[in-house]
1. Can you tell me which residue within the range 33-55, out of those that are away from the ligand (no atom under 14 Å from the Cβ) and surrounded by 20 or more Cβ atoms within 10 Å (Cβ to Cβ), is farthest from residue 112 (Cα to Cα)?
2. Go through the residues of the range 19-32 one by one and say whether even a single one is of a type in the set (D, E, K, R), touching a residue at least 12 places away in the same chain (Cβ under 8 Å), part of a loop (DSSP other than H, G, I, E, B) and within 9 Å of the ligand (Cβ to nearest atom).
3. Of 106, 139, 171, which residue is under 23 Å from residue 6 (Cβ atoms), among the charged types (D, E, K, R), touching a strand residue (DSSP E or B) at 6+ places or on another chain (Cβ under 7 Å) and surrounded by 13 or more Cβ atoms within 10 Å (Cβ to Cβ)?
4. Quick check on my filter: what residues within the range 35-85 are touching an Asp or Glu at 6+ places or on another chain (Cβ under 6 Å), among the aliphatic types (A, V, I, L, M) and at pLDDT 95 or above?
5. Give me a count of the residues in the range 58-80 that are in contact with a helix residue (DSSP H, G or I) (Cβ under 8 Å, 6 or more places away or on another chain) and surrounded by fewer than 19 Cβ atoms within 10 Å (Cβ to Cβ).
6. Working only within the range 56-100, note down all residues that are more than 16 Å from the ligand (Cβ to nearest atom) and either under 17 Å from the mean Cα position of the chain (by Cα) or closer than 24 Å to residue 29 by Cβ (or both).
7. How many residues are among the polar types (S, T, N, Q) and under 20 Å from residue 63 (Cβ atoms) when one looks only at the range 1-32?
Amino acid sequence: MHFSKLRLTGFKSFVEPTELLIEEGLTGVVGPNGCGKSNLVEALRWVMGETSAKQMRGGGMEDVIFGGTEQRPARNMAEVGLYVANDDRRAPAQFNSADELEVVRRIEREKGSHYRVNGKDVRARDVQLLFADAATGARSAGLVSQGKIGSIVQAKASDRRALLEEAANIRGLHTRRHEAELRLRAAEQNLERLDDVLKALE
Ligand code: ATP
């Protein structure tokens, strides 16, 4: 899955609309301390469905919205768009008719965030599965933040297994299995309730 462009508006320090073209091969982002390099990686994490404010170095999710400076007032909205090539048609069926997917996440103060893919509203889960199937995502080992190497070296066996599962491209299957198990349990409970009703009628 090739990411071709990242578009940010009002996200952390990127108050003005900003586009980052991601060419084939290696892309480097160079700049002085505090210019926003890590914020770009966080934008990637966020648009792929990150739900933890801590992972975004914030106290709450709304902290991703530009908080203002002495010269500029705070914004009420942040939006990140990620353009993903789908010419190999490997996206889940619901997205698979387009050559390119534009995945957009938008957050507004006091209204929470929502997602769109190619202009259509989708659930957070749809976006998370799209990236999990492509062996990437908000918690992907491909996104190496400061201190991550040390935490992997000291990780528990179960956390290391999660890394291997991502490399084997089966994270999406785990999510689907978990959902199938929940549905199965709900169906079993419905059957038990039905049994009770039938017994009461007998
Ligand atoms: P370093 O090289 O030191 O790791 P960096 O280039 O990775 O720095 P970032 O950590 O991405 O820089 O950016 C930090 C900057 O982003 C700080 O100036 C901080 O004030 C700004 N920033 C973070 N969140 C917000 C926000 N919600 N609103 C406005 N500015 C923000």
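The values are calculated or read from the model by the stated rules, or taken from the named source; none is laboratory data. It should be emphasised that the depicted structure is a prediction, and the values quoted were computed from it without experimental measurement. Note: ideal-geometry Cβ built from the backbone for every residue, glycine included; neighbour counts use all protein chains shown.
1. Result: 48.
2. no
3. 106
4. 77
5. Of the range 58-80, the ones in contact with a helix residue (DSSP H, G or I) (Cβ under 8 Å, 6 or more places away or on another chain) are 58, 63-64, 78, 80.
From what is left, the residues that are surrounded by fewer than 19 Cβ atoms within 10 Å (Cβ to Cβ) are 58, 63.
Residues that pass the stated criteria total 2.
6. Start the filter on the range 56-100 by keeping residues that are more than 16 Å from the ligand (Cβ to nearest atom), which leaves 81-100.
Of everything in the range 56-100, those that are more than 16 Å from the ligand (Cβ to nearest atom) and either under 17 Å from the mean Cα position of the chain (by Cα) or closer than 24 Å to residue 29 by Cβ (or both) turn out to be 81, 82, 83, 84, 85, 91, 92, 95, 100.
7. Our first condition is that a residue be among the polar types (S, T, N, Q); within the range 1-32, this holds for 4, 9, 13, 18, 27.
Pick out the ones that are also under 20 Å from residue 63 (Cβ atoms) and you get 9, 13, 18.
The qualifying residues number 3.
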